[in-house]
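These notes concern the structure reproduced below.
The values are calculated or read from the model by the stated rules, or taken from the named source; none is laboratory data. On a predicted model such as this, the values are computed, not experimentally measured, just so you know. No Cβ is skipped: glycine too gets one built from the backbone with ideal geometry, and neighbour counts run over all protein chains shown. SASA here: full protein model, heavy atoms, side chains in, ligands and nucleic acids out. Shrake-Rupley method; radii C 1.70, N 1.55, O 1.52, S 1.80 Å.
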Amino acid sequence: MVSGEFTFEYSESIPRGFYKIGFGQEDGKILIIADENIEIKGEKGQLAKAEILNSKENNLFKEYQKIVSISNSGIQSINQRVSKARSDFGNNQEQFEAAINKIRTDYDTLIKWQHVEYKKLYKSNPKTFVGKISNYFAREEGEGPDQYLGLNELNDHELLRGDMFKTKYLIYYQQFLGSNFQVLKNKSQEMIRTKIDAPSKEILYAAIIESFAQSDKAFAGKISKAYLDEFPNSDIAKAYFSSFPQGPPDIGDEAPDILLENPQGEQVALSSLRGQVVLLDFWASWCGPCRRENPNVVRTYEEYKDKGFTVYSVSLDNSKDKWVNAIQKDNLSWESHVSDLKGWRSQAAALYGVRGIPATFLLDQNGVIIAKNLRGSSLENKIKEILGAN
């Protein structure tokens, strides 16, 4: 260091790509290092605001980030419009579909613009790293999902650094598959079976696991086990494996979180009810035994709701109207009603290993499962034991 200036010199060239330079995790700057003699001007503690000089790559990266920023803002606005459409027209299928079709058209226009801009950036700068990643994310007119996400990319280590492959994997899901998780699962398992080098395979495992970590913990846990089986000495594989429940949860386990939408289109997390004793209840409007059990659950809820007891109901319905009508008809007055309206393909049901309904899990105030499949007087007696009589 001379007069507050540092110079980094390497005996061998370092690979082109993204790097972070700084003084610890909180004080750093993401930049592209390529075949350039760049300068970085900034102050310790504020390196995120540092200025990068003499770098065509980093100037181009600003242009790339503008495209991403405009796209992300547009997508955020579209998501808000979808939520509003659910709220405004959720009970009128014809109006809801008309609103969604208009939103879908605007979304397609936005995505087309994004890919055209990526192509422009690539064509004007084909030999740069930014040009390469712009082309990597660009989608050709009429290109199908198998052409957009192929295995050749897994053998290009320059594209595997950072989170670029994971980002493209998510784009593949969002822009090609809609909400079809099964197609994405099949594609993921097909890619895992392909013979590629170890570093590439580990990046592939990480991309799949992180992409499913919130939406389908059961599948993410399955992939994490496959990852550990293939790389038993990998600390990363061990960490992923330990972060997911392996198999359905049992008494004494912390209840895996569920995040699904209520009839108003708002997401409600099971974990948001921590601090209360919670009956996690899997049911459906078409399930006779469930409907016959509902009066017992209602009676217990009404008796103990003011003492710290509530219910989180997960419906395995396919029809929103039938689900909502059953809630009203059976007087299920608690607030936490959720469903993905996928019937037996419910992600939450798979996560909890539910094979028949009604199925219930009783959670204590810390979210730990303390009993399963309590019904009638057995449920009431257990709640009375925990919370005391009135």
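Go through segment 104-153 and name the GluC sites (Glu not before Pro) that are in a DSSP coil and have 15 or fewer other Cβ atoms within 10 Å of their Cβ.
On the way: sites: E117, E140, E141, E143, E153; in loops: E140, E141, E143.
Filter output for segment 104-153: E140, E141, E143.
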_Förster-model FRET efficiency, 56 Å R0, E39 and K372, C-beta, rounded to 0.05_ = 0.35
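Give, as a single signed number, the net charge of other residues whose beta carbon lies under 14 Å from the beta carbon of T105, with Lys and Arg counted +1 and Asp and Glu -1. Numbers along the way, then the final one.
On the way: positive: R81, K102, R104, K112; negative: E97, D106, D108.
That sum, taken over residues with Cβ under 14 Å, equals +1.
Roughly to the nearest percent, how much of the accessible area of segment 287-357 is carbon and sulfur, given a 1.4 Å probe? Mind dumping the intermediate values first?
Numbers: 1450 of 3210 Å².
Carbon and sulfur: 45 percent of the exposed surface of segment 287-357.
Could you state the accessible area per residue of segment 228-368 in Å², with a 1.4 Å probe and every protein chain left in place?
On the way: 6590 Å² over 141 residues.
Averaged over the residues of segment 228-368, the accessible area is 47 Å².
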*asked:* Suppose we flag chymotrypsin sites (Phe, Trp or Tyr not before Pro) only when DSSP calls them loop and at most 10 other Cβ atoms lie within 10 Å. Which is the longest uninterrupted stretch of the chain?
replied: 24-390
*For K119, go through the aspartates and glutamates and keep the ones whose alpha-carbon is under 13 Å away, minus same-chain ones fewer than eight residues off.*
E63, E140, E141
*asked:* Of L53, Q365, I100, which is farthest towards the positive pole of the chain's charge dipole, taken about the Cα centre with +1 and -1 on the beta-carbons of Lys, Arg and Asp, Glu respectively?
replied: I100
_Could you report the accessible area of I70 in Å², rounded to 10, computed with a 1.4 Å probe on the protein chains as they sit in the structure?_
90 Å²
*Say R0 is 30 Å: what FRET efficiency, to the nearest 0.05, do K20 and K120 get from their beta-carbon distance?*
0.60
*With all protein chains present, calculate the accessible area of E266 using a 1.4 Å probe and round the result to the nearest 10 Å².*
110 Å²
*Between K238 and N325, what FRET efficiency follows from the Cβ-Cβ distance if R0 is 51 Å, with the result rounded to 0.05?*
0.60
*Once the Cα atoms of segment 145-270 are picked out, what are the Rg and Dmax in Å?*
15.6, 47
*Work from the charge dipole of the chain (Cβ charges, +1 for Lys and Arg, -1 for Asp and Glu, about the Cα centre) and give the residue of G275, I21, I383 farthest towards its positive end.*
I383
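Could you sort out which of K185/K342; K168/K222; K66/K132; K305/K384; K132/K168 sit more than 19 Å apart by Cα distance in this structure? Write out the running numbers ahead of the final one.
Details: K185/K342 16 Å; K168/K222 22 Å; K66/K132 17 Å; K305/K384 12 Å; K132/K168 13 Å.
Exceeds cut-off: K168/K222.
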*Charge dipole magnitude, Cβ of K and R +1, D and E -1 - the chain, Cα centre, debye nearest 20*: 760 debye
